[in-house]
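Asks: Structure below; questions to follow.
The values are calculated or read from the model by the stated rules, or taken from the named source; none is laboratory data. Note that the structure is predicted; figures quoted are calculated from it, not measured. Counting neighbours? That spans all protein chains shown, and the Cβs are built from the backbone with ideal geometry, glycine included.
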Amino acid sequence: MELYYRSPIGIIEIRGGVRGVESCTFLRGKKTARWLAAETEARLPAAPAALREAYRQLAEYFDGRRTEFSVKLNLDGTPFQKKVWARLREIPFGQTRSYGQVARSCGRPGAARAVGGANNRNPVVIFVPCHRVIGSDGSLTGFGGGLWRKKWLLQHEKKVLAAGA
């Protein structure tokens, strides 16, 4: 099943089932925001609990009321990818880490590129905050949703922290 969340930076499709959220991605395509909003309103009451909770937590995140997530995830990936995704979830709200730092935290100091590959395959943006991973020189690199969204998300988190959330 899927739900659609209309965020300030685009429509987010949340997919999953009773076992948890399997994907959360920025939607690309021709569906209109109005249609998606109506579709989600109709589906929300019957959606699995994990999807309803993901929808609620995204709304709180974008409203500046949530800095941590507790959504039940059901992720499919290699053991290394899952390890990277777990480390990404440990990066505090409003902070960043380099690919090399994440690689070292995974016990693989020379695996910065592999961390980049795992980031690229992250099926649940925002809940697994791959936007918080940057280049070793502080540059914004690689984000499937577009670098402009990565920049927006990082600025959003800094604003929320500055406001005292």
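Asks: Output the number of residues of the range 48-93 satisfying the condition of being assigned to a helix (DSSP H, G or I) and out of contact with any Leu (no Cβ under 9 Å at 6 or more places or on another chain).
Replies: Residues that pass the stated criteria total 16.
Asks: Could we say that Arg108 is in a helix (DSSP H, G or I) and over 22 Å from Arg15 (Cα atoms) here?
Replies: no
Asks: How many of the residues in the range 1-21 are within 18 Å of Gly144 (Cβ to Cβ) and of a type in the set (A, V, I, L, M, F, W, C)?
Replies: Adding up the residues that qualify gives 5.
Asks: Part of a strand (DSSP E or B) and not assigned by TED's automatic domain parsing to the domain that holds Gly116 - does that describe any residue in the range 28-43?
Replies: No, the range 28-43 contains no residue that is part of a strand (DSSP E or B) and not assigned by TED's automatic domain parsing to the domain that holds Gly116.
Asks: Let me ask you something else. Name, by its number, the condition in (1) on the phi > 0 side of the Ramachandran plot; (2) not assigned by TED's automatic domain parsing to the domain that holds Gly116 that does not hold for Gly94.
Replies: (2)
Asks: Still on this structure, I have one more. I'm checking my understanding of the structure. Among residues of the range 119-133 that are part of a loop (DSSP other than H, G, I, E, B) and touching a residue at least 60 places away in the same chain (Cβ under 8 Å), which one is nearest to Glu90 (Cα to Cα)?
Replies: Phe127
Asks: Listed residues Gln81, Gln95; which is modelled with pLDDT of 95 or more, of a type in the set (S, T, N, Q) and loosely packed, with under 13 Cβ neighbours inside 10 Å?
Replies: Exactly one of Gln81, Gln95 is modelled with pLDDT of 95 or more, of a type in the set (S, T, N, Q) and loosely packed, with under 13 Cβ neighbours inside 10 Å, namely Gln95.
Asks: Looking only at the range 113-137, count every residue that is crowded, with 21+ Cβ neighbours inside 10 Å, over 17 Å from Ile12 (Cβ atoms) and among the hydrophobic types (A, V, I, L, M, F, W, C) and tell me the total.
Replies: Of the residues in that region, 3 qualify.
Asks: Condition first: within 11 Å of Met1 (Cα to Cα) and among the hydroxyl-bearing types (Ser, Thr, Tyr). Now tell me which residues in the range 39-58 satisfy that.
Replies: Thr40
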